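These notes are about the structure you will find just below.
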Amino acid sequence: MNDDGDDTPDRHNPDDDRGTDEDRQAGLLLKPRTKTKKPAMYRVLLLNDDYTPMEFVVHILERFFSKNRQEATDIMLHVHRRGVGICGLFTYEIAESKVQKVMDFARQNEQPLQCTMEKE
């Protein structure tokens, strides 16, 4: 309201939320658009050991990482020769799930295979 006591809305009073039709149509109220960040990616790694059979490692790669026989064999040989190999690149939750599934499967089959993850 104006200070002069009449009931007309004061166009400059920020406390008056009534406003006029003209005020409401003057501009658009836009929500600020938030930029979504790409999620951090994680490498799932297999570590070499002296006991886990090569065929078991190939099976792990085919079953849990959807690798074909040739890809799985190539990764297994890389792990065998270099000590570590990348199975795939995933978001945190998926990488964590794959590591847990591989570790559980290895333990169920009494294999010492180690699987870990690291941030890209």
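Bear in mind these aren't lab numbers, they're just calculated from the coordinates by the rules spelled out. Just so you know, these numbers come straight off a predicted model, no measurement behind them. As a convention, Cβ positions derive from the backbone with ideal geometry for all residues, glycine included, and neighbour counts pool all protein chains shown.
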Which whole-number percent of Cα pairs in segment 63-120 have a distance greater than 16 Å? 48
Ranked output for segments 33-41, 100-108 by mean other Cβ atoms within 10 Å, highest leading, reads 100-108, 33-41
Residues other than residue 83 with Cβ under 13 Å of its Cβ, Lys/Arg counted +1 and Asp/Glu -1, net out at 0
Roughly how many debye, to the nearest 20, is the charge dipole of segment 40-99 about its Cα centre, given +1 on each Lys and Arg Cβ, -1 on each Asp and Glu Cβ, and no other charges? 140
Between residue 40 and residue 69, what FRET efficiency follows from the Cβ-Cβ distance if R0 is 41 Å, with the result rounded to 0.05? 0.85
Listed residues 80, 66, 52: farthest to the positive end of the dipole of segment 43-88 (Cβ charges): 66
